[in-house]
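Step one of this worksheet: look at the structure below.
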Amino acid sequence: MKTYRIATIPGDGIGKEVVPEAMRVLDALAQLDGGFQFEWDILPWGCDYYLEHGEMMPEDGLEILKKYDQIFLGAVGLPELVPDHISLWGLLIKIRRGLKQQINVRPAKLLQGLESPLKNPGNFDIVVVRENSEGEYSDSGGRMHSGSDEIAIQNAVFTRKGTERAIAYACELASKRSKKITSVTKSNGLSHSMPFWDDVFHDVVSKYDELQQSSAHIDAMAAYMIMKPAEYDVVVASNLFGDILTDIGGAIMGSIGIAPAANLNVEREYPSMFEPVHGSAPDIAGLGVANPLGQIWTGKLMLDFLGHEQLGEKLLSAIEYTLKSNIKTKDLKGSATTTEVTDALIAYLKQS
Ligand code: NAD
Ligand code: IPM
Ligand code: MN
């Protein structure tokens, strides 16, 4: 039987609560399939690890991860004890960059049973393709001088290769979906958007005659995601703009806690990392009320990437079943616990 070896990093806060739930769901699906199994190796990396060892993961952490088929991560961050720039750059961003997970795919779809806070959400089904390795998150700049003369420089480094890669991935995806693509920039204000990103977008998209293309500024796009999300399909954006748009994507689905994500090493040279959009939610950690659906839906993205798309569809139907049955956590205005949602979902999978 095929065994997928998964490096499993629950991380911090609610990551530790939702990752085991998603593992239970994925194990149940593997059992139903009968052709493969998961081997979950739990790596206790994160802020607790940092407080004990002075680093977020071992020195050879990336080498360890390279030996796995994929990585399944909860969330990182315990800002009251470890500053975010240490925890995130020491683990999450280090993995994304070190393992060349240059494409971040983040769907936002109004699943059946979800209640959008929008009055007229329409039946939106968006996939944001976020450039995941450079741009505004580049490790370039720093603080200099001191006192009232202090300045801080944060360079945004965009390479043609990286920008082309993200846009080409988005074009391919759009070709397989409704053939609509929207590029999001700040061309009126930022030099990397104008004319660089727009030029690259134009060069790449011109090879795809069948695509209906449009561009929007990030500020306007943030408003359009609220006003008319159903008009969009594939949206491609830089690292920071994609980050912001995908929390909006979560919000218009009803909760950030449901939004899934996949950090892809498209060439499959290294493992990819499957990790929801949300963070460690320290405000609700330990209460047993975290929504597990973001992590579980993220599990669907991992199944898809492993080539089990049919099982992935089954999983999405099971998520919709819990939503339609109103078995929802507090963030979705329900009263179910994290475990109750997962139990109901697994029970549905087993009898369907
Ligand atoms: P957050 O996503 O953790 O929380 C924002 C809000 O959404 C909170 O009110 C939280 O309770 C709620 N929420 C998030 N996920 C939820 C879920 N599954 N169920 C129910 N409610 C949920 O964002 P934040 O507060 O800005 O960040 C907290 C920490 O997480 C910080 O250290 C931050 O840097 C980190 N973070 C990590 C990741 C990651 O590891 N991928 C992503 C985002 C933020
Ligand atoms: C995300 C998070 C991270 C990001 C932070 C925690 C560094 O917000 O995965 O969306 O900005 O990429
Ligand atoms: Mn984010």
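The values are calculated or read from the model by the stated rules, or taken from the named source; none is laboratory data. Just so we're clear, the structure is a prediction, and the values are computed from it rather than from any experiment. So basically every Cβ, Gly included, is an ideal-geometry build from the backbone, and we count neighbours across all protein chains shown. We work out accessible area using only protein heavy atoms, side chains counted, and drop any ligands, DNA or RNA first. Shrake-Rupley method; radii C 1.70, N 1.55, O 1.52, S 1.80 Å.
Can you classify region 20-81 as rounded, prolate or oblate using the Cα gyration tensor, where a ≥ b ≥ c are the square roots of its eigenvalues, rounded means a/c under 1.5, and otherwise it's prolate if a/b beats b/c and oblate if not? The shape class here is oblate. Sequence neighbours fewer than 8 away in the same chain don't count; with that in mind, list the aspartates and glutamates whose C-alpha is under 14 Å from Lys2. Counting by Cα, and skipping residues close in sequence, Lys2 has these aspartates and glutamates nearby: Asp27, Asp33, Glu39, Asp69.
With a 1.4 Å probe rolled over the protein heavy atoms of all chains, the accessible area of Glu320, Glu269, Glu164 falls in the order Glu269, Glu164, Glu320, largest first.
Each residue of region 155-166 was assigned a 3J(HN,Hα) from its phi angle through the Karplus expression (A = 6.51, B = -1.76, C = 1.60, θ = phi - 60°), giving 7, 9, 9, 10, 9, 4, 4, x, 5, 4, 4, 5 Hz with x at Gly and Pro. The accessible-area ordering, largest first, of the residues Phe201, Phe305, Phe196 stands as Phe196, Phe305, Phe201, per a 1.4 angstrom probe. For Ser206, Ser335, the ranking by accessible surface with the largest value first comes to Ser335, Ser206, using a 1.4 Å probe.
Each residue of region 133-141 is assigned a 3J(HN,Hα), and the resulting list reads 10, 8, x, 5, 8, 5, 8, 9, x Hz, derived from the Karplus form 6.51 cos²θ - 1.76 cosθ + 1.60 (θ = phi - 60°), x at Gly and Pro. Along the chain, the longest continuous region that contains none of the trypsin sites (Lys or Arg not before Pro) in a DSSP loop with at most 14 other C-beta atoms within 10 Å is 1-66.
Ligands, DNA and RNA excluded, the heavy atoms of Trp89 present near 90 Å² of accessible surface to a 1.4 Å solvent probe.
Let me make sure I get this right: for region 110-224, a, b and c are the square roots of the gyration tensor eigenvalues over alpha carbons, sorted descending. Under 1.5 in a/c it's rounded, otherwise prolate if a/b > b/c, else oblate. Which is it? Note, shape of region 110-224 comes out oblate.
Pairs Lys109/Lys333; Lys179/Lys324; Lys176/Lys300; Lys119/Lys186; Lys66/Lys94: which exceed 20 Å Cα-Cα? In this structure, Lys179/Lys324; Lys119/Lys186 lie more than 20 Å apart at Cα. Taking amide H as placed 1.01 Å from N in the peptide plane, Val234 has its amide H under 5 Å from the amide H of Val127, Lys180, Thr182, each at least 5 places away in sequence or on another chain. Rounded to the nearest 500, the 222 nm mean residue ellipticity of the chain from helices alone is -11500 deg cm²/dmol, with -39,500 (n - 2.57) taken per DSSP H run of at least 4 residues. With both labels modelled 7 Å from their Cα along Cα-to-Cβ, the Lys330 to Glu231 distance reads 3.8 nm. Using only the Cα atoms of region 262-339, build the gyration tensor, take square roots of its eigenvalues as a ≥ b ≥ c, and label the shape rounded, prolate or oblate: rounded if a/c is under 1.5, else prolate if a/b is larger than b/c, else oblate. Note, shape of region 262-339 comes out oblate.
What the Cα atoms of the chain give is an Rg and a Dmax of 20.0, 67 Å. Phi angles of region 101-115 translate, via the Karplus equation with coefficients 6.51, -1.76, 1.60 and θ = phi - 60°, into HN-Hα couplings of 8, 8, 10, 10, 9, 9, x, 9, 9, 7, 4, 4, x, 7, 10 Hz per residue; Gly and Pro are given as x.
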